[in-house]
Amino acid sequence: MRPTVLDTTGARLFEQAEELRAAGPAVRVALPGGLTAWSVSRGELVRRLLVHPDVSKDARKSWPGYRPGAVPWLTVWVDLVSMFTSDGPDHHRLRSLVGQAFTPRRINALRPAVEKITTELLDTMAELPADQEADLRALFAYPLPTRVICDLFGVPEEQRPAMLRVIDSVLDTTVTPEEAERIGRDLFAAMDRLITAKRERPGDDLTSVLLAVHGEDGDRLSEQELVSTLVLLIGAGSETTVSLIGHAAQALLAHPAQLAAVLADPTRWDDVIEETLRLHSPVMHLPLRYATADIDLEGETVRAGDLLILAFGAHGRDPGVHERPGEFDIDRADKQHLAFGHGIHYCLGAPLARLEAKVALPALFARFPGLRAAPGAESAPAQPSFITTDRLSRPVLLG
């Protein structure tokens, strides 16, 4: 059978995941660049493969015939050398070095800064006419995480627009090979500019920490590892939270009884966040993984060297994992999800994403108690991507 073409536009991400889940435990899909991979959309199989000893994240060692740069759209996902694209001792070494910069103490200390940025953004929104349609994504869900992450990494103000523009472009899976090559060049150039600025003027920021960090044996991040790590942390540290805040706000506006319940009991914001992550996982797919030996998946055999693309976002909507998986319900007992991954590659930035959402959402609804979705909000276009599940706008009326 011919491979199913994976939807690159983002318009049918969850619908296609359901179709692929029904079609089999592993289904051949066509990716941009002429690649064919096994798509796995059944929740427990995804979880199993995330910790499977015969599944690798390292293309350099596990993808037969791999050539860096051969598939331009994959460059920023595969060709980098970071903990995201490494296994075993290499992963442990890189995560240990990076973890020194991304400590729980540093994350917890960010709350006042997150609160300050949140207040500033809400103050700006409050100046708009109450009956004027506004874009919650552009005014709030996007600038909050991106300002936090740029502050955290000490990105100079004049470098931020170009950096954020190219990070957004990386997620677009509809681009041509020529556009993908340009995006890759622009992204690496943006990180080089940041590194140069921090070498000249180091500060109390994570880029400066990563430049100085070393292991007990004196080991340091190489230049390639440093650039790769910045791409990973700055990109993942903003886009995931943009989606989380937008999806959570829109879900609550669509379920006024649940919004009333959480406003009456603020301890339940954690329930809102976890249920949003389950139903609206910010990430659907993260390219790529590679089979290093033959793997039997409920009768379907993935051969050594085959490519794998795992549907993180499909896990939370799998009827084999959750009852009523398509319903938003903050009262459900089991809200398990794979929004931040599982196993050794679990996202380092998960605590920061949860902190930002836990500050942003209560403040938003406290400031705008009459907030409501604008007509047609549900049909706002999806981000053109099979990687993220975000929308390009979140039309609301501030009330």
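The values are calculated or read from the model by the stated rules, or taken from the named source; none is laboratory data. Everything numeric in this text was worked out from a predicted model, so none of it was measured. When we count neighbours, we look across all protein chains shown, and the Cβ atoms used for this are built from the backbone with ideal geometry, even at glycine. Side chains included, ligands, DNA and RNA excluded: accessible areas come from the protein's heavy atoms. Shrake-Rupley method; radii C 1.70, N 1.55, O 1.52, S 1.80 Å.
Annotations
- Residues of the range 121-137 that are part of a helix (DSSP H, G or I) and surrounded by 13 or more Cβ atoms within 10 Å (Cβ to Cβ): 121, 122, 125, 136, 137.
- Among (1) open to solvent by less than 20 Å² (accessible area, probe 1.4 Å); (2) assigned to a helix (DSSP H, G or I) - the single one residue 37 does not satisfy: (2)
- Flag if residue 114 is in a helix (DSSP H, G or I), open to solvent by less than 60 Å² (accessible area, probe 1.4 Å), touching a helix residue (DSSP H, G or I) at 6+ places or on another chain (Cβ under 7 Å) and of a type in the set (Val, Ile, Thr): yes
- Test: residue in the range 93-110 that is modelled with pLDDT of 95 or more, open to solvent by 10 Å² or more (accessible area, probe 1.4 Å) and under 24 Å from the mean Cα position of the chain (by Cα): no
- Test for residue 332: is it basic (Lys, Arg), within 30 Å of residue 111 (Cβ to Cβ), without any contact (Cβ under 8 Å) to a residue 60 or more places away in the chain and open to solvent by 10 Å² or more (accessible area, probe 1.4 Å): yes
- Among (1) open to solvent by 10 Å² or more (accessible area, probe 1.4 Å); (2) at pLDDT 95 or above; (3) within 17 Å of residue 52 (Cα to Cα); (4) under 15 Å from the mean Cα position of the chain (by Cα), the one test that residue 283 misses: (3)
- Options 213, 227; residue that is of a type in the set (A, V, I, L, M, F, W, C) and either open to solvent by 40 Å² or more (accessible area, probe 1.4 Å) or within 24 Å of the chain's Cα centre (by Cα) (or both): 227
- The residues listed here are 253, 221; of these, the one that is part of a helix (DSSP H, G or I) and either closer than 21 Å to residue 372 by Cβ or not polar (S, T, N, Q) (or both) is 253.
- Residue in the range 173-194 that is of a type in the set (Ser, Thr, Tyr), over 16 Å from residue 94 (Cβ atoms) and in contact with a helix residue (DSSP H, G or I) (Cβ under 6 Å, 6 or more places away or on another chain) present: no
- Considering the range 346-370, and only residues there that are open to solvent by 40 Å² or more (accessible area, probe 1.4 Å) and assigned to a helix (DSSP H, G or I), the residue that is nearest to residue 282 (Cα to Cα) turns out to be 354.
- Residues in the range 373-397 that are closer than 14 Å to residue 249 by Cα and modelled with pLDDT of 95 or more: 373, 374, 390, 391, 393, 394, 395, 396, 397.
- The single condition among (1) outside any helix (DSSP H, G or I); (2) closer than 20 Å to residue 152 by Cβ that residue 226 does not satisfy is (1).
- Search result, residues across the range 147-167 that are among the charged types (D, E, K, R) and either outside any helix (DSSP H, G or I) or surrounded by fewer than 21 Cβ atoms within 10 Å (Cβ to Cβ) (or both): 151, 157, 158, 160, 165
- Listed by first and then second residue, the pairs linking a residue in the range 237-258 that is at pLDDT below 95 to a residue that is part of a helix (DSSP H, G or I) and buried (at least 24 other Cβ atoms within 10 Å of the Cβ), with Cβ atoms under 6 Å apart and 6 or more places separating them unless they lie on different chains, are 237/149; 238/145; 238/149; 240/353.
- The set of residues in the range 286-306 being farther than 25 Å from residue 392 by Cβ and open to solvent by less than 10 Å² (accessible area, probe 1.4 Å) consists of 288, 290, 291, 295, 297, 302.
- Flag if residue 373 is open to solvent by 20 Å² or more (accessible area, probe 1.4 Å), closer than 16 Å to residue 276 by Cβ and aliphatic (A, V, I, L, M): yes
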